[in-house]
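Chemist: Let me give you the structure first, and then I'll get to my questions.
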Amino acid sequence: MSSRCLPLLLLVVALRAFAHSEAEAPALDILDCEHPPRKLVHVLPKQLAKAATVICTPSAQMIVAGDGWAWRFPGSYFDRPSIPAYAPLESRPQAGGRYFTGFKATELSGAEIKTLHDTFVKTLVTYPDAQPPARIVKLVARNDQGHPMDAYFGFRSQSEGWVAVCAPACAPEFFFLINRQD
């Protein structure tokens, strides 16, 4: 055997030595998007499917702007917001490529919208609305560590609104604007 083949042979032997089933898989620093875990979900509930979509990257799955939509932070046109599966505070220190295992969307009632609006006016300096939005969809996203986070999608109209990510607290830096690009 040539000395050039030896590193390749060692790599194959090492990979076979670490072969395992998903049930006993150790946490990896990357997410294999080509061969995702069985529990990975990649479709958002229909209430949000136009404004947002889910993508897979080696570090984590992320919720990003849907086709035809633009997301941006209030003070920037360049940084593109995303909602990563590692966003819940409890998940941040744990190594591994995070992914979503479940989504649940709920339309808030008029009274719930008013209450949330009043809370955001008082607590989020980046919240721009003087009036409550026409509708709010609360998305609860759960990741592979079992940690939930809430993302509130507020729609002023069918083509513009905002998102407040609460993981667990709603913070000004986790608030961004969304609008349809027509």
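The values are calculated or read from the model by the stated rules, or taken from the named source; none is laboratory data. Quick caveat, the model's predicted, so the values are computed rather than measured. In this analysis, Cβ positions are derived from the backbone assuming ideal geometry, glycine residues included, and neighbour counts consider all displayed protein chains. To get the accessible areas, we keep the full protein, side chains included, count just its heavy atoms, and leave off ligands, DNA and RNA. Shrake-Rupley method; radii C 1.70, N 1.55, O 1.52, S 1.80 Å.
Chemist: Looking at segment 109-146 only, could you name the residues that are under 30 Å from VAL43 (Cβ atoms), of a type outside the set (Gly, Ala, Ser), in a loop (DSSP other than H, G, I, E, B) and without any contact (Cβ under 8 Å) to a residue 40 or more places away in the chain?
Modeler: ASP129, PRO132, PRO133
Chemist: Looking only at residues in segment 75-108 that are part of a strand (DSSP E or B) and of a type in the set (D, E, K, R), which one is farthest from VAL54 (Cα to Cα)? Working first, answer last.
Modeler: In the first step, residues of segment 75-108 are kept if they are part of a strand (DSSP E or B); the result is 83-84, 98, 100-107.
Among the residues that remain, those that are also of a type in the set (D, E, K, R) are: 98, 104, 107.
Details: ARG98: 13, LYS104: 14, GLU107: 20 Å.
Among them, the one singled out is GLU107.
Chemist: Of all residues in segment 136-162, which are polar (S, T, N, Q) and open to solvent by 40 Å² or more (accessible area, probe 1.4 Å)? Steps first, answer last, please.
Modeler: Within segment 136-162, the first condition is being polar (S, T, N, Q), and the residues that meet it are 143, 145, 157-159.
Across segment 136-162, the qualifying residues are GLN145, SER157, GLN158, SER159.
Chemist: Same structure again: Taking the condition of being surrounded by fewer than 16 Cβ atoms within 10 Å (Cβ to Cβ) and either without any contact (Cβ under 8 Å) to a residue 24 or more places away in the chain or of a type in the set (A, V, I, L, M, F, W, C) (or both), how many residues in segment 51-63 meet it?
Modeler: Selection size over segment 51-63: 1.
Chemist: Report the residue count in segment 153-174 for those that are under 13 Å from the mean Cα position of the chain (by Cα), of a type outside the set (Val, Ile, Thr) and within 19 Å of ARG80 (Cβ to Cβ). Walk me through how you get there before you give the answer.
Modeler: Of the residues in segment 153-174, the ones under 13 Å from the mean Cα position of the chain (by Cα) are 153, 163-167, 174.
Okay, now just the ones that are also of a type outside the set (Val, Ile, Thr), so 153, 164, 166-167, 174.
Remaining after also requiring within 19 Å of ARG80 (Cβ to Cβ): 153, 164, 167, 174.
Matching residues across segment 153-174 total 4.
Chemist: Now, a different point. Go through segment 74-94 residue by residue and tally those that are modelled with pLDDT under 85 and surrounded by 12 or more Cβ atoms within 10 Å (Cβ to Cβ).
Modeler: Final tally of qualifying residues: 2.
Chemist: In the list GLU107, GLU112, GLU90, which residue meets the criterion of being charged (D, E, K, R), closer than 15 Å to CYS166 by Cα and over 13 Å from the mean Cα position of the chain (by Cα)? So that I can check it myself, show each step before the final result.
Modeler: Details: GLU107 fails: closer than 15 Å to CYS166 by Cα; GLU112 fails: closer than 15 Å to CYS166 by Cα.
Of GLU107, GLU112, GLU90, the one residue that is charged (D, E, K, R), closer than 15 Å to CYS166 by Cα and over 13 Å from the mean Cα position of the chain (by Cα) is GLU90.
Chemist: Only residues that are assigned to a strand (DSSP E or B), within 17 Å of VAL41 (Cα to Cα) and not charged (D, E, K, R): list them for segment 147-173, please.
Modeler: Initial filter on segment 147-173 (assigned to a strand (DSSP E or B)): 148-155, 160-166, 170-173.
Of the ones still in play, those that are also within 17 Å of VAL41 (Cα to Cα) are 148-151.
PRO148, MET149, ALA151, listed by residue number.
Chemist: Determine the pairs where a residue that is within 14 Å of PHE153 (Cα to Cα), located within segment 65-81, has a partner that is polar (S, T, N, Q) with Cβ atoms under 6 Å apart, the partner being 6 or more residues away or on another chain.
Modeler: That search, which allows pairs on different chains as well, returns GLY66/THR53; ALA70/ASN179; ALA70/GLN181.
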